[in-house]
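Some notes on the structure that comes next.
The values are calculated or read from the model by the stated rules, or taken from the named source; none is laboratory data. Bear in mind the structure is a predicted one, so any value in this text is a computation, not a measurement. Positions of Cβ are backbone-derived with ideal geometry, glycine not excepted, and every protein chain shown enters the neighbour counts.
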Amino acid sequence: MIELDGLTKRFGNKVAVDHLSCRVSPGMVTGFLGPNGAGKSTTMRMMLDLDNPTSGTVRIDGRHYRDLQEPLKHIGALLDAKSMHGGRSAYNNLLCLAQSNRIPASRVSHVLDTVGLSAVAKKKSKGFSLGMGQRLGIAAALLGDPEILMFDEPVNGLDPEGIHWIRNLMKALAAEGRTIFVSSHLMSEMALTADHLIVIGQGKLLADTSMADFIRENSRSFVRMRSPEQERLRDLLHAEGVVAVESGNGSLEIDGEGPERLGELAGRNGIVLHELSAQRASLEEAFMQMTAGSVEYHAHSEREGAEPPPPVGPHWGDQWNQQQAGEATADVRTKGV
Amino acid sequence: MTMPPPQAQTPPQAHQAPQQPQSQQQGWNGPVGQYASPIPVRTPGLGDAIASEWTKIRSVRSTMWTLGVMIVLLIGIGLLTAFAVSVSDAPMDDTPVLSLGFFGVLLGSICVITLGVLTIASEYGTGMIRTTLTACPSRARMLIAKSIVFFLLAFTITTVTTGVVGVLQTAMLDGATPDTGFWVRSTVGVGLYVATLGLLSLALGTVIRHSAGAITIMIAVVLLPLVLAMFMFSPTLAGVQEALFEYSIPNQLGAMYDTSVTVSGPTGWEPLWIILGVTAVAMAGAFASLDRRDV
């Protein structure tokens, strides 16, 4: 259990983390999501007492990190793969950590085996690939068999097999009742592993929700229709009381109707369709929409029009919808008369 | 306490052995559902931190290189000077034979300075410091453990090597037999002095956090006063010049060998007390820096 209370970190005038309050619960994987520069790593460093908060507190199992007697048995952390001395062997890098927490040396071989690095245990970690370095970092996190595990961007540099491995590892660790806190800037990765989501942007808490709720609220399913007789199709749908929105590429997007009914409708009226497809807005888009206002470093595109992601989510077509709703009521009234 | 010892001995399965009673409890009794490790919890202390630092210092190449080069320098230069003196037939007069070890130690101290700085600054360079402090959140304990391990290692190597050089030199030259007090001062005393100088470097490395920067500054601290003093021809600066000569590290190291270039200034064991005082202040500064700054 990790509790953050009003956690704030200021670097000069820049606020990296802004009054962040949340709680990371045991028995599940909590995803910590935010664009690059959102303050994820700073938050994690403050959790581990590496950076001092400007204000606010972090409690690990109710205690401040510095008051933990054998911290590796409470919390294991993978901050970045390069947090080891490259000139030291993988075994010795872990051994010195184990010794400082009175962890039996047998654990070192055990965790090296768990992450699949036994064969290179005596090799200098300098020569490790990014993926091997990541595995070594994970071995260090597992060393004390801790109740809380914290991973900062764990899939970075891993091959598909490694990514699969770490996903399953995190799920298995959570199933044992451990608290798993994992940061990422990839929504798609989180959707596969996390049970709970904490989203931050520019240091502020944007969302603290269960993954299921997030998906329910943010994944919009709609039907896309494209026709050479676009105007006729629109009038027809309008007449049937179906709300259709013109999208950027000349197709219509329809919410709340299945493709079956729409296809039959077009068929009955002899309208040629070039496309009739069920669509689902990705969580990635929902995430980008949520954090669009708080992205720290935008890549500037030379080309005009290569703008941020298509607007989806709560604000999508609001104005048009309202207008339509007004007309629809007017229609009802006319029909009623 | 609740764990039977045999189970505690066997390495537990990190993620394949769910604690069944606990997973059953999960969900209806708040924090009870948390994972509990079968690894015995034994509160670690300074001794464990020292064991950890010993593993660190012995498992990197730089330790072997710096101390190896120092041993070669001490013995090589010690034998060369003894040989040069023995063939030159220059009168030794009242110059104590053991003082010939001075030149080797002066050069060798650069190696100890380098190792002292690297002991902590390399952790900042590699990012290991984050892992270290995550495992040992007590910064004082970490700094003390590092200091003890480094100091004992540097002291032992320097004392043993200066002892060996002293024995070889007295065997090669027929000077006056040095008394026991002088023997102790030129081996144990010099060992303490050089190791403390290394500790000062470790303190500086903690504040600077950059290997090359801290090593350069330390070498400047050793050499600059002497170089500056050499260029102070003006009579108005005579007082400053003398102080710089007297308290420069090479001169104080020479004083431990009774061969200081100045007539006044610290003599005998005094240089050791001076550097111990300076290092204590630097260590306090290093701890304050370590305790307050972000890693």
Of the conditions (1) in contact with a helix residue (DSSP H, G or I) (Cβ under 8 Å, 6 or more places away or on another chain); (2) touching a residue at least 60 places away in the same chain (Cβ under 8 Å); (3) of a type outside the set (Asp, Glu), the single one that A:GLY131 does not satisfy is (2)
Quick check on this structure: which one of B:VAL263, B:VAL240 is farther than 18 Å from B:ILE110 by Cα, out of contact with any Gly (no Cβ under 8 Å at 6 or more places or on another chain) and assigned to a loop (DSSP other than H, G, I, E, B)? B:VAL263
Quick check on my filter: what residues within region A:79-116 are crowded, with 22+ Cβ neighbours inside 10 Å and outside any helix (DSSP H, G or I)? A:LEU79, A:ALA81, A:SER83, A:MET84, A:HIS85, A:ARG88, A:ASN101, A:ARG102, A:ILE103, A:VAL115
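Conditions tested, residue by residue: (1) under 25 Å from A:GLY27 (Cα atoms); (2) among the small types (Gly, Ala, Ser); (3) within 15 Å of the chain's Cα centre (by Cα).
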{"residue": "A:TRP165", "(1), (2), (3)": "yes, no, no"}
{"residue": "A:ALA175", "(1), (2), (3)": "yes, yes, no"}
{"residue": "A:LEU197", "(1), (2), (3)": "yes, no, yes"}
{"residue": "A:SER210", "(1), (2), (3)": "yes, yes, yes"}
{"residue": "A:ASP213", "(1), (2), (3)": "yes, no, yes"}
{"residue": "A:ARG220", "(1), (2), (3)": "no, no, no"}
{"residue": "A:ARG224", "(1), (2), (3)": "no, no, no"}
{"residue": "A:ARG232", "(1), (2), (3)": "no, no, no"}
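Would it be correct to say that A:ARG23 is closer than 19 Å to A:LEU149 by Cα, more than 10 Å from chain B (Cβ to nearest Cβ), without any contact (Cβ under 8 Å) to a residue 40 or more places away in the chain and over 21 Å from the mean Cα position of the chain (by Cα)?
No; evaluated as a whole, the condition is false for this residue.
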Set A:ARG107, A:ARG178: member being in contact (Cβ under 8 Å) with a residue 40 or more places away in the chain and basic (Lys, Arg): A:ARG178
Scanning region A:60-78 for residues that are farther than 22 Å from A:GLU153 by Cα and more than 7 Å from chain B (Cβ to nearest Cβ), the one surrounded by the fewest Cβ atoms within 10 Å (Cβ to Cβ) turns out to be A:GLY62
Report whether or not A:ALA121 is crowded, with 24+ Cβ neighbours inside 10 Å and touching a strand residue (DSSP E or B) at 6+ places or on another chain (Cβ under 8 Å). no
Flagged in region A:191-237 as among the hydroxyl-bearing types (Ser, Thr, Tyr) and surrounded by fewer than 20 Cβ atoms within 10 Å (Cβ to Cβ), in numbering order, are A:THR209, A:SER210, A:SER219, A:SER221
Would region A:36-57 turn up any residue that is acidic (Asp, Glu), at pLDDT below 95 and over 27 Å from B:ALA121 (Cα atoms)? no
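Restricting the search to region A:168-185, which residues are out of contact with any strand residue (DSSP E or B) (no Cβ under 8 Å at 6 or more places or on another chain) and either modelled with pLDDT under 90 or crowded, with 21+ Cβ neighbours inside 10 Å (or both)?
First, the residues of region A:168-185 that are out of contact with any strand residue (DSSP E or B) (no Cβ under 8 Å at 6 or more places or on another chain): A:168-169, A:172, A:175-177.
Answer for region A:168-185, where residues must be out of contact with any strand residue (DSSP E or B) (no Cβ under 8 Å at 6 or more places or on another chain) and either modelled with pLDDT under 90 or crowded, with 21+ Cβ neighbours inside 10 Å (or both): A:LEU169, A:GLU176, A:GLY177.
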Please go through region A:81-92 and pick out each residue that is at the interface with chain B (Cβ under 7 Å from one of its Cβ atoms) and not hydroxyl-bearing (Ser, Thr, Tyr). A:LYS82, A:MET84, A:HIS85, A:GLY86, A:GLY87, A:ARG88, A:ASN92
Test result for B:VAL165, of a type in the set (A, V, I, L, M, F, W, C), within 21 Å of the chain's Cα centre (by Cα) and buried (at least 23 other Cβ atoms within 10 Å of the Cβ): yes
Pairs with Cβ under 6 Å, 6+ apart, first in region A:50-78 and more than 16 Å from A:ASP5 (Cα to Cα) and among the polar types (S, T, N, Q), second assigned to a helix (DSSP H, G or I) and at pLDDT 90 or above: none
Residue ranges of helices (runs of 4 or more DSSP H) in region B:95-181 with at least 1 members within 14 Å of B:GLY191 (Cα to Cα), of a type in the set (Phe, Trp, Tyr) and away from chain A (no Cβ under 14 Å): B:102-126, B:139-172
Enumeration of residues in region B:234-263 that are without any contact (Cβ under 8 Å) to a residue 60 or more places away in the chain and hydroxyl-bearing (Ser, Thr, Tyr): B:SER234, B:THR236, B:TYR247, B:SER248, B:SER260, B:THR262
With respect to B:LEU237, is the statement that it is more than 19 Å from the chain's Cα centre (by Cα) and more than 14 Å from B:LEU192 (Cβ to Cβ) true? yes
Scan region A:147-159 and tell me whether some residue there is modelled with pLDDT under 95, surrounded by 21 or more Cβ atoms within 10 Å (Cβ to Cβ), assigned to a helix (DSSP H, G or I) and touching a strand residue (DSSP E or B) at 6+ places or on another chain (Cβ under 6 Å). no
Residues that are at positive phi and touching a Pro at 6+ places or on another chain (Cβ under 9 Å), at least 3 per element: which strands (runs of 3 or more DSSP E) completely within region A:2-63 meet that? none
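Being farther than 25 Å from A:ILE2 by Cα and of a type outside the set (A, V, I, L, M) is true for just one of A:GLU161, A:GLU147. Which residue is that?
The match here is A:GLU161.
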Please tell me if A:LEU136 is buried (at least 23 other Cβ atoms within 10 Å of the Cβ), assigned to a helix (DSSP H, G or I) and within 9 Å of chain B (Cβ to nearest Cβ). no
When you look at B:LEU106, is it buried (at least 21 other Cβ atoms within 10 Å of the Cβ) and aliphatic (A, V, I, L, M), yes or no? no
